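*Asks:* Sending over a structure as structure tokens; questions will come in a sec.
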Amino acid sequence: MMPTLDFRRDHLFVAVLALLVIVGFFLPSWMRFLIQTAMASGLVALGVMLQMRAGLVSFGQGLFFCIGGYAVGLLAAKAGITDVALLLPAAALAALVIGLVLGLLLSRYREIFYAMLTLAVSMILYGLLVKAASLGSTDGFNIPAVSYFGFVPDQAARPDWSYALTGVVVLAGCLGALAYLRSGAGAMLDAVRENEIRLSYLGTSPRVLVFVVYAVAAVLSGLGGGLWAISSGHVDPEMTYWTTSGQFVFVALLAGRGSVVAPVMAYFLLELLRTYALDIAPNAWQLILGSAMLAVIVLLPRGLWSLVARART
Amino acid sequence: MSAPLFRTIGLEKTFGGVVAAKDISIDVMSGERIAIIGSNGAGKTTFVNMVTGYLTPSAGQILFDGHDITGLDPRQTAQAGIRRSFQIAQVFAEMTVLENMLIALIAGQDGRPSARAAITPERIDIARSALDRFGLSVIADTPAGTLPQGTRKQLDIAMAAVGDPRLVLLDEPTSGVSADEKMAMMDTAIAPLDASGATILFIEHDMDVVRRYADRVIAFYEGTVLADGNVAVVLEDEKVRKYVIGDSHA
Ligand SMILES: Nc1ncnc2c1ncn2[C@@H]1O[C@H](COP(=O)(O)OP(=O)(O)O)[C@@H](O)[C@H]1O
Ligand SMILES: [Mg+2]
């Protein structure tokens, strides 16, 4: 029962993800870095997935990924603030503020208009960053090594620290998203998708719910961007380019809406697939990606997670 | 002397050149059970849409419990205690019947973001007993989209009844239901609403249903109120018989 709204057991899957994160710590460094960037990006895909529950496709989620990344980058590289205890909250806050302002406008729109507006705003930021020569234009800029609550790990230990930071924040992000989905505002997202008029007549404003989901997704994506910037030590405008946003949508579709960990795990699968596909058939990568998408949409309209959900019941 | 729970004063709605409602002035006392009759296009749904804030009246005023509620939106009228069901059932098709009721409960009480889980064992109990009252328990776990039209309408009414609203407007609760099921349908829908003390306005085409369940009738004709009063009197009214009920009933 309750195939759509029941998230009571999702804590279990976050625990499984936590175990995988710990296992990942002992994997070869290339693989571990793959997991790390996949987790950071997965947080953005999770933001896209939350909006999809309300029937809304954000084709510009890269906007907040980029805002989070540049918030970290600017503070670390230009303002000399290099501690994660300040950088990550700044990434989340910058994304939240922009999200609240844009949310006022976007919460009025639905369907293709929502998709196109989110895309448009993200491309405006892209255009601005490309013009900003002081920020490296299309090349972006590098970010100095960061400290962890005052502690500066030595060169060799840095990857361990940034991996651990990413794991902890992404898990916290998943738990936050889960608490949101289980709250009234989150539980009603499906109702927004299905029948807004009915929902208003029951005493709730669909527009407020859309405003909230947009802001929640913005924060998650801002954190994802901040983590990605810390992990890679670099930011560039590509973070808010439409192909990046498209990838978040791709992963959210691939994953399905059934669990908060699904987009994170799906992002890792995608990165793995990409790595091996590029190795084995460098010119067929797009072909493989497209076929995978086609297969999921046709065979598993509720995404890969429906395989897990089916195994459960 | 008690004031009316609900009153409309000179309510009017025009769509471009079409006058869908004109000079509708009605007083409704608490606890009344009123049938609204009128042929298709008479303006019945438009009236319900104005009262619930889906449409803004072109002129006139709506008072509920002494407050002016003209111009409020559906969310606000719902919060004020006015709920409705729909001519074509409006349910969340992909959700189960129980989930539909849970959403109805949450939407009325818990719209703000909070850290608390919305679907609690208590809420599930409340939703289940509400389904029980409307005779829908056995299909609690059925997706609403797979239900026959009549059952879907019952769910729609059950959702409208959540939170014990003071005024419930039912738009053609028995349309799309087979003739021999109409009475049973009204029995299951009206009894729990009555028990909660709700004032009920229902739009109805079947005069047998009207006679059995209403204690007052308002007849609409071309956007105006043709007659308003005691059931027997209105149904015997010459103009009502001619313009609303039609010759087939004469
Ligand atoms: N949204 C609308 N736009 C234009 N005309 C409308 C609209 N809604 C209703 N009408 C017109 O108003 C009149 C009354 O319609 P309605 O209230 O639906 O009638 P009823 O419910 O009594 O069958 C009809 O002539 C209808 O065509
Ligand atoms: Mg009608």
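Every read-out reported here was derived from the displayed coordinates using simple, explicitly stated rules and does not represent laboratory data. What you see is a predicted model; the values in this text were computed from it and never measured. Note that we place each Cβ from the backbone using ideal geometry, even for glycine, and neighbour counts take in every protein chain shown.
*Asks:* Which whole number gives the average, over all residues in B:157-170, of C-beta atoms from other chains lying within 10 Å of the residue C-beta? Mind dumping the intermediate values first?
*Replies:* Values: counts 0, 0, 3, 3, 0, 2, 2, 0, 1, 0, 0, 0, 0, 0.
Counting Cβ atoms of other protein chains within 10 Å of each residue's Cβ and averaging gives 1.
*Asks:* Within chain A, what's the longest run with no chymotrypsin sites (Phe, Trp or Tyr not before Pro) in a DSSP loop and at most 10 other beta-carbon atoms within 10 Å? Give the range, please. Before the final figure, lay out each step's value.
*Replies:* Numbers: sites that count: A:Phe26, A:Phe149.
For chymotrypsin sites (Phe, Trp or Tyr not before Pro) (loop position, at most 10 other Cβ atoms within 10 Å), the longest site-free span of chain A is A:150-313.
*Asks:* If we restrict to alpha carbons, what Rg and Dmax does chain A come to, in Å?
*Replies:* According to the Cα coordinates of chain A, Rg and Dmax are 18.8, 60 Å.
*Asks:* Can you report the principal axis dimensions of region B:113-215 using only the alpha carbons, biggest first, rounded to whole angstrom?
*Replies:* 50, 30, 21
*Asks:* For region A:254-313, take N as its residue count and report Rg(C-alpha) divided by 2.2 N^0.38 Å.
*Replies:* Details: Rg = 12.5 Å, N = 60, 2.2 N^0.38 = 10.4 Å.
Scaled against compact globular proteins, the figure is 1.20.
*Asks:* On to the next question. Determine the shielding of peptide A:176-189 by partner chains: average, over its residues, the number of Cβ atoms on other chains within 10 angstrom of each Cβ.
*Replies:* Values: counts 1, 0, 1, 5, 3, 2, 6, 10, 14, 7, 4, 9, 8, 0.
Per residue, the number of nearby Cβ atoms from other chains is 5 on average.
*Asks:* Also, quick follow-up: Would you kindly give the portion of the calculated P(r) for region B:6-249 that falls above 31 Å, as a percent of all Cα pairs?
*Replies:* Details: 6900 of 29646 pairs.
Looking at region B:6-249, the distances longer than 31 Å represent 23 percent of pairs.
*Asks:* Cα convex hull of region B:169-250: mean projected area in nm², to one decimal? Mind showing how you got there, number by number?
*Replies:* Numbers: hull surface 22.6 nm².
Dividing the Cα hull surface by four gives the mean projection, 5.7 nm².
*Asks:* Then there is this: I need the Kirkwood Rh of region A:12-163: take the reciprocal of the average 1/r across all distinct C-alpha pairs and report it in angstrom. Numbers along the way, then the final one.
*Replies:* Numbers: mean 1/r = 0.0574 Å⁻¹.
About 17.4 Å for region A:12-163.
*Asks:* Where Lys and Arg each count +1 and Asp and Glu each count -1, what net charge lies around B:Phe202 among other residues with Cβ under 9 Å from its Cβ? Before the final figure, lay out the partial values.
*Replies:* Working: positive: B:Arg33; negative: B:Asp171, B:Glu172, B:Glu204.
After counting each charged neighbour, the total is -2.
*Asks:* Let me ask another. Report the trypsin sites (Lys or Arg not before Pro) located in region A:101-167 that are in a DSSP loop and have at most 14 other Cβ atoms inside 10 Å of their Cβ, or state none.
*Replies:* Answer by residue number: A:Arg108.
*Asks:* Can you compute 3J(HN,Hα) from phi for each residue in region B:164-171, using the Karplus curve 6.51 cos²θ - 1.76 cosθ + 1.60 with θ = phi - 60°, rounded to whole Hz and x for Gly and Pro?
*Replies:* My calculation for region B:164-171 gives 6, x, 8, 10, 10, 10, 10, 8 Hz in order.
*Asks:* Which links in B:Lys22/B:Lys242; B:Lys13/B:Lys182; B:Lys13/B:Lys153; B:Lys22/B:Lys239 stretch past 25 Å when you go from one Cα to the other? Kindly include the intermediate steps, with their values, before the conclusion.
*Replies:* Working: B:Lys22/B:Lys242 20 Å; B:Lys13/B:Lys182 31 Å; B:Lys13/B:Lys153 27 Å; B:Lys22/B:Lys239 18 Å.
Exceeds cut-off: B:Lys13/B:Lys182; B:Lys13/B:Lys153.
*Asks:* Now a separate question. Under DSSP H, which helices of chain A have Cα atoms covering 20 Å or more of the helix axis and a Kyte-Doolittle average no less than 0.0? Provide the component values of the computation, followed by the final result.
*Replies:* Numbers: long enough: A:10-24 (21 Å, 2.39); A:29-53 (35 Å, 0.96); A:84-106 (32 Å, 2.76); A:111-131 (31 Å, 1.65); A:158-182 (36 Å, 0.84); A:206-232 (38 Å, 1.58); A:262-280 (26 Å, 1.13); A:285-299 (21 Å, 2.17).
Helices meeting the criterion: A:10-24, A:29-53, A:84-106, A:111-131, A:158-182, A:206-232, A:262-280, A:285-299.
*Asks:* Give me the inter-chain shielding for B:117-129: mean count of other chain Cβ atoms within 10 Å, whole number please.
*Replies:* 2
*Asks:* When the scattering of region B:13-111 is computed by the Debye formula from its Cα atoms alone, each counted once and equally, what is log10 I(q)/I(0) at q = 0.17 Å⁻¹?
*Replies:* Results for region B:13-111 at q = 0.17 Å⁻¹ read -0.93.
*Asks:* Expressed in nm², what is the orientationally averaged projection area of the convex hull enclosing the Cα positions of the protein assembly as shown? Each step should come with its number before you reach the end.
*Replies:* Values: hull surface 123.1 nm².
Convex hull of Cα atoms, orientation-averaged projection: 30.8 nm².
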